[in-house]
Amino acid sequence: MFGGGGMNPRKMKQMMKQMGIDVEELDAERVVVETADGDLVFENPQVTRMDAQGQQTYQIVGDPDEVADAGAGGASAVEAADDDGSDGSDDGIPDEDVALVAERAGVPESTARETLEAHDGDLAGAIAELE
């Protein structure tokens, strides 16, 4: 019954504003959705944030690439930004990865590091084991 198919977009915006719904386009360059089966990476997506009654909803429009683990790319970008060449550890596992696993699994960083070492740095495998 309801639908905005034939409604003037300007009229739709007016009605939403009257109902206390605020819509904003975000200038996103990349969006990563992490799932248990792999990650979805949206490059240059159209992202819309809608605020309604204190609740924020995000809509992502784009064509995602499916990757095994986009987190490794993010950690590499952080390391590149540091530009000092070291990852802060002697075992080759970046401190950012250890912190991420510790936070996600709710364990101490020492346990997270040991589990990452056992999984050869595989974030998803380490988190799955600890959860």
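Residues of region 20-32 being in a loop (DSSP other than H, G, I, E, B), at pLDDT 90 or above and surrounded by fewer than 13 Cβ atoms within 10 Å (Cβ to Cβ), which ones? D27, E29 - these are the residues of region 20-32 that are in a loop (DSSP other than H, G, I, E, B), at pLDDT 90 or above and surrounded by fewer than 13 Cβ atoms within 10 Å (Cβ to Cβ).
Take E43 and tell me if it is within 15 Å of the chain's Cα centre (by Cα) and at pLDDT 90 or above. Here the answer is yes, as E43 does meet what is asked. Residues of region 86-95 that are at pLDDT 85 or above and either surrounded by fewer than 18 Cβ atoms within 10 Å (Cβ to Cβ) or out of contact with any helix residue (DSSP H, G or I) (no Cβ under 6 Å at 6 or more places or on another chain) (or both): D95 alone.
For region 33-62, a residue qualifies if it is open to solvent by 60 Å² or more (accessible area, probe 1.4 Å), within 24 Å of L123 (Cα to Cα) and assigned to a strand (DSSP E or B), and the qualifying residues are E34, T35, E43.
Taking region 106-131 as the search range and keeping residues that are hydrophobic (A, V, I, L, M, F, W, C) and open to solvent by 20 Å² or more (accessible area, probe 1.4 Å), which one is nearest to the chain's Cα centre (by Cα)? Filtering region 106-131 for residues that are hydrophobic (A, V, I, L, M, F, W, C) and open to solvent by 20 Å² or more (accessible area, probe 1.4 Å), the one nearest to the chain's Cα centre (by Cα) comes out as A124. Every test in (1) open to solvent by less than 80 Å² (accessible area, probe 1.4 Å); (2) within 15 Å of the chain's Cα centre (by Cα); (3) at pLDDT 90 or above is passed by G71 save one, and that test is (3).
The values are calculated or read from the model by the stated rules, or taken from the named source; none is laboratory data. Just so you know, these numbers come straight off a predicted model, no measurement behind them. Note that each Cβ is placed from the backbone with ideal geometry, even for glycine, and that neighbours are counted across all protein chains shown. The accessibility values were calculated without ligands, DNA or RNA, using every heavy atom of the protein model including side chains. Shrake-Rupley method; radii C 1.70, N 1.55, O 1.52, S 1.80 Å.
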